[in-house]
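S.K.: One structure follows; several queries about it will come next.
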Amino acid sequence: MREKDCIFCKISSGEIPSNTIYEDEEFRVILDLAPAAKGHALIIPKEHFADIYEITEEVACSAMKLAKRMAVHMTEVLGCEGFNILQNNHEVAGQTVFHFHMHLIPRYQNAKNEDILVWSHETFSPEEMEQIRDMLKQE
Ligand code: AMP
Ligand code: ZN
């Protein structure tokens, strides 16, 4: 299923050209237009899901399997020293394209922009941590 006016539907279907590094029936993997690092790529399912809440478990599993394969391949070819896999959901979390995608970000020693993905830390009291734990606990 495609969504009208969705840029990643158009890219994943091939309607809009992209720097594709992998394609199969379910996914297209492209180079990010504004890379955080050399080789920064995006795994895009061909079916339209807005985010992690909409995507099926099956497609999410396939996306993660592909991320594993791509990370190994990209690390070998690029010679990067590390790797981030990132996936944003909703504007408040940094999502700007509302078609599910996973970022594959190679990391290099001595990179100019080492502060990609660095966040400050919040503090919660032990009581608050227990409350949060109890609220979130699943059987
Ligand atoms: P997010 O902020 O997680 O929604 O990520 C969206 C990503 O898509 C950003 O890193 C953009 O640079 C990238 N992006 C947006 N439009 C294009 C495009 N036409 N081709 C390749 N990457 C794109
Ligand atoms: Zn879409």
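S.K.: Net charge near Val59: determine it from the other residues with C-beta under 11 Å of the C-beta of Val59, scoring Lys and Arg +1 and Asp and Glu -1. Intermediate results must be reported in sequence, preceding the final value.
M.R.: Values: positive: Lys46, Lys65; negative: Glu26, Glu47, Glu54, Glu57, Glu58.
Combined, the nearby Lys, Arg, Asp and Glu give -3.
S.K.: Something else about it: Each label point is 7 Å from the Cα along the Cα-to-Cβ direction; what then is the distance between the points at Glu25 and Leu86, in nm?
M.R.: Output for this residue pair reads 3.3 nm.
S.K.: In terms of Cα to Cα distance under 16 Å, which aspartates and glutamates are near enough to Lys137, apart from those fewer than 8 places away along the same chain?
M.R.: Counting by Cα, and skipping residues close in sequence, Lys137 has these aspartates and glutamates nearby: Glu127, Glu128.
S.K.: Label region 50-139 by shape, choosing from rounded, prolate and oblate, from the square roots a ≥ b ≥ c of the eigenvalues of the Cα gyration tensor; if a/c is under 1.5 it is rounded, and otherwise prolate applies when a/b is larger than b/c, oblate when it is not. Spell out each step's value before the answer.
M.R.: Values: a/c = 1.98, a/b = 1.35, b/c = 1.47.
Verdict is oblate for region 50-139.
S.K.: Show me the ranking of peptides 120-133, 76-89, 101-114 by mean Cβ neighbours inside 10 Å, starting with the highest.
M.R.: Working: 120-133: 8.3, 76-89: 14.4, 101-114: 16.4.
Per-residue Cβ counts within 10 Å, averaged per peptide and sorted highest first, yield 101-114, 76-89, 120-133.
S.K.: Taking 0.36 nm per intervening residue step and subtracting the Cα-Cα distance, what contour gain separates Tyr108 from Leu78 on full extension? Write out the running numbers ahead of the final one.
M.R.: Details: separation 30, 0.36 × 30 = 10.80 nm, distance 0.95 nm.
Extra length from Tyr108 to Leu78 when fully extended: 9.8 nm.
S.K.: Which value, in debye to the nearest 20, gives the size of the charge dipole of the chain about its Cα centre, when Lys and Arg are +1 and Asp and Glu are -1 at the Cβ? Write down the numbers at each step before the final one.
M.R.: Numbers: 13 positive and 24 negative charges, 136 e Å.
The dipole of the chain has a size of about 660 debye.
S.K.: Next question. Net charge around Ala37, counting only other residues with Cβ within less than 13 Å of its Cβ (Lys, Arg = +1; Asp, Glu = -1)?
M.R.: Values: positive: Lys38, Arg107, Lys112; negative: Asp32, Glu81, Glu114, Asp115.
Computed value for this residue: -1.
S.K.: Could I have the simple spin-label model distance between Asp134 and Trp119, label points 7 Å from Cα toward Cβ, reported in nm to one decimal?
M.R.: Reported label-point gap for Asp134 and Trp119 is 2.5 nm.
S.K.: Taking H as built 1.01 Å from N, whose amide H comes closer than 5 Å to the amide H of Tyr22, not counting residues under 5 places away?
M.R.: Amide H to amide H, under 5 Å and 5 or more residues apart or across chains, Tyr22 pairs with Val29.
S.K.: What number, rounded to the nearest 500 deg cm²/dmol, is the helix-based mean residue ellipticity at 222 nm of the chain, given -39500 (n - 2.57) per DSSP H run of at least four residues and division by all its residues? Working shown, then result.
M.R.: Details: 3 runs with 40 residues, N = 139.
Estimated from H runs of four or more residues: -9000 deg cm²/dmol.
S.K.: Expressed in nm to one decimal, what extension gain is obtained for the pair Ser13 and Glu54 from 0.36 nm per residue of sequence separation less their Cα-Cα distance?
M.R.: 12.8 nm
S.K.: So what's the gap between the Cα centers of region 47-80 and region 90-139, to the nearest angstrom?
M.R.: Measuring centre to centre over Cα atoms gives 18 Å.
S.K.: Same structure again: Which of the lysines could be linked to Lys112 by a straight reach, that is with a Cα gap under 21 Å, when you skip same-chain ones fewer than 8 residues away?
M.R.: Qualifying lysines at Cα under 21 Å: Lys38.
S.K.: I need the shape label for region 1-116. Rule: rounded when a/c is under 1.5, else prolate if a/b > b/c, else oblate, with a, b, c from the alpha carbon gyration tensor.
M.R.: Numbers: a/c = 1.68, a/b = 1.51, b/c = 1.11.
Taking the square roots of the gyration eigenvalues as a ≥ b ≥ c, region 1-116 is prolate.
Every number here is computed from the coordinates shown, using simple stated rules; none is lab data. These numbers were taken from a predicted model, which means no experiment stands behind them. We place every Cβ from the backbone using ideal geometry, glycine too, and count neighbours over all the protein chains shown.
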